[in-house]
Amino acid sequence: MKNSANEQQVIEQGGFVHTVFFWLKKGASAKDHEDFIHYLQHFIRSSEFVKTKHIGSKVGSKREVVDSSYDYCLIATFHNEAEQVKYQDEPVHHEFIKNASHLWEKVEVFDSQSML
């Protein structure tokens, strides 16, 4: 079913989108993956500043422009950049890093602000 432009949801102007890609350490066990997902879900569910959230895993693609090298992706939106700054300092964010950082080898973050 095709969505019309009127049916598409828009992040309001000034809204902040925080996109994080995680690569777990090579040889990570199934338990390591399970633990990582648990820590990430607990953190995001506990955040008082996240407006919308998406936790996902990579999807294989044959398209050259798609980077499928990561293991997990987090997309969190905020009302504005100030809310995202507060999120960075939340105790649950620091707890997530403390509990899960030993599981990853690489993290990349892409932040953007809505222009619409």
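Worth a mention:
- Residue count for region 102-116, restricted to those that are at pLDDT below 95 and loosely packed, with under 12 Cβ neighbours inside 10 Å: 2.
- Restricting 46, 61, 57 to residues that are modelled with pLDDT under 95, out of contact with any Gly (no Cβ under 6 Å at 6 or more places or on another chain) and hydroxyl-bearing (Ser, Thr, Tyr) narrows the list to 61.
- Selection count, region 60-101, where residues are of a type outside the set (Ser, Thr, Tyr), surrounded by 10 or more Cβ atoms within 10 Å (Cβ to Cβ) and either more than 18 Å from residue 23 (Cα to Cα) or in contact (Cβ under 8 Å) with a residue 12 or more places away in the chain (or both): 23
- Given (1) in contact (Cβ under 8 Å) with a residue 60 or more places away in the chain; (2) in a loop (DSSP other than H, G, I, E, B); (3) more than 27 Å from residue 83 (Cβ to Cβ); (4) not small (Gly, Ala, Ser), index of the condition residue 10 fails: (3)
- Residue within region 13-25 that is touching a strand residue (DSSP E or B) at 6+ places or on another chain (Cβ under 8 Å), surrounded by 11 or more Cβ atoms within 10 Å (Cβ to Cβ), basic (Lys, Arg) and not in a loop (DSSP other than H, G, I, E, B) present: no
- Any hit, region 28-38, residues being closer than 20 Å to residue 91 by Cα and under 12 Å from the mean Cα position of the chain (by Cα): yes
The values are calculated or read from the model by the stated rules, or taken from the named source; none is laboratory data. The model shown is predicted, which means the values in this text are computed figures rather than measured ones. Glycine also receives a Cβ, built like all others from the backbone with ideal geometry; neighbour counts cover every protein chain displayed.
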